[in-house]
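Data block below; observations after.
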Amino acid sequence: MKEKKALPILQVTGRRKEAVARVRFRPGNGKVTVNRKPVETYFPSLTHRTHALDALRVADFDISGRYDIDATIDGGGVSGQAGALRLGISRALVVIDPDLKSLLKREKLLTRDARVKESKKYGLKKARKAPQYSKR
């Protein structure tokens with residue numbers, strides 16, 4: 001992969017469930033921070049951390065010495081936030097290197113996962129759970 005010069009700053013948005021991640025790539029030395037905390041602290045679970053940083057692994061994109069990733073995430077739970085960060089990083093990588101688009105698209109990293117919680121219906125306890133039927 002040929003060497004690209006660092007962009008001054010790049011901001012992209014990623015969403016998943018109720019979570020919204022604003023991801024910024026800045027010139028730096030490879031630190032990833034989420035809500036001003038290191039990614040290891042914010043996502044202590046290895047599964048969530050791996051899921052969030054999946055795009056860097058798939059694209060074989062080395063940010064050390066070139067970029068710092070700074071993300072601000074609002075809303076949702078841990079899983080949704082990891083998914084939002086993943087989409088944001090994927091979109092940013094495509095802006096930095098358009099050649100990665102086909103690879104990331106093949107791995108389904110550029111697709112927004114639109115699955116959200118179904119809304120509750122009146123007369124029911126949840127979206128589909130009904131109260132127990134009683135004949136008498």
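Odds and ends about this structure:
Table: residues versus (1) closer than 16 Å to HIS51 by Cα; (2) under 18 Å from the mean Cα position of the chain (by Cα).
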{"site": "ARG86", "(1), (2)": "yes, yes"}
{"site": "PRO98", "(1), (2)": "no, no"}
{"site": "LEU104", "(1), (2)": "yes, yes"}
{"site": "LYS108", "(1), (2)": "yes, yes"}
{"site": "ALA114", "(1), (2)": "no, yes"}
{"site": "ARG136", "(1), (2)": "no, no"}
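- Identity of the residue in the range 52-75, at pLDDT below 95 and open to solvent by 50 Å² or more (accessible area, probe 1.4 Å), that ends up nearest to GLY30 (Cα to Cα): SER64
- Of the set (1) open to solvent by 70 Å² or more (accessible area, probe 1.4 Å); (2) under 26 Å from THR47 (Cα atoms); (3) in contact (Cβ under 8 Å) with a residue 24 or more places away in the chain, all apply to ARG86 but (1).
- Any hit, the range 41-54, residues being in contact (Cβ under 8 Å) with a residue 40 or more places away in the chain, more than 18 Å from VAL116 (Cα to Cα), small (Gly, Ala, Ser) and touching a helix residue (DSSP H, G or I) at 6+ places or on another chain (Cβ under 7 Å): no
- Of everything listed in (1) under 30 Å from LYS129 (Cβ atoms); (2) under 14 Å from the mean Cα position of the chain (by Cα), the single unmet condition for ARG22 is (1).
- The numbered conditions (1) touching a residue at least 60 places away in the same chain (Cβ under 8 Å); (2) open to solvent by less than 70 Å² (accessible area, probe 1.4 Å) are all true for VAL95 except (2).
- Flag set for ARG57, criterion: part of a helix (DSSP H, G or I) and either free of Cβ contacts under 8 Å to residues at least 24 places away in the same chain or under 27 Å from VAL116 (Cβ atoms) (or both).
- Those residues of the range 13-39 which are modelled with pLDDT of 95 or more and closer than 16 Å to ASP97 by Cβ, in sequence order: VAL23
The values are calculated or read from the model by the stated rules, or taken from the named source; none is laboratory data. All values derive from a computational prediction rather than experimental measurement. As a convention, Cβ positions derive from the backbone with ideal geometry for all residues, glycine included, and neighbour counts pool all protein chains shown. Heavy atoms of the whole protein, side chains included, go into the accessibility calculation; ligands, DNA and RNA do not. Shrake-Rupley method; radii C 1.70, N 1.55, O 1.52, S 1.80 Å.
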